[in-house]
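Engineer: Here's a structure for you.
Where a number appears in this text, it was derived from the coordinates with a stated rule and is not lab data. Only a predicted model underlies this, so the values are computations on that prediction, with no experimental measurement involved. Every residue, glycine among them, receives a Cβ derived from its backbone with ideal geometry; neighbour counts consider all protein chains shown.
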Amino acid sequence: MVLQLQVNGALHRLDPAPEPATLEAVIEALGHNPLLVVAEHNGSITPRRLWTSTTVADDDTLEIVTIVGGGS
């Protein structure tokens, strides 16, 4: 299965897409560490506890923000 998504404003194609295509699996397939990101799915921030039950479909939109530590 192929999955086409808008991710942070750019078109991404996952071929093959993870099965099932949960938000957590898609984030991992895109190369992100799920513990270090915040995700918005189709315009709504999705709580991490729902990532394994949230299904991502063709033409969905994701915004993925990486949490960066540091500072003084």
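Engineer: Ranked by Cβ crowding within 10 angstrom, fewest neighbours first, how are 2, 7 ordered?
Structural biologist: Numbers: 2 9, 7 18.
So the residues, fewest neighbours to most, are 2, 7.
Engineer: Over all distinct alpha-carbon pairs, what is the Kirkwood Rh of the chain in angstrom? Numbers along the way, then the final one.
Structural biologist: Values: mean 1/r = 0.0810 Å⁻¹.
By the Kirkwood definition, the hydrodynamic radius is 12.4 Å.
Engineer: Further question: For the residue pair residue 57 and residue 19, what label-to-label distance in nm results when each label sits 7 Å from Cα along the Cα-to-beta-carbon direction?
Structural biologist: A separation of 2.0 nm, rounded to one decimal place.
Engineer: Under 19 Å from a point 7 Å along the Cα-to-Cβ line of residue 1: which residues of segment 27-68 have their amide N that close?
Structural biologist: 27-31, 41-42, 50-62
Engineer: Order by neighbour count: 27, 64, 45, fewest other Cβ atoms within 10 Å first, most last. Display every interim value, and only then the final one.
Structural biologist: Working: 27 21, 64 16, 45 11.
In increasing order of surrounding Cβ atoms, one gets 45, 64, 27.
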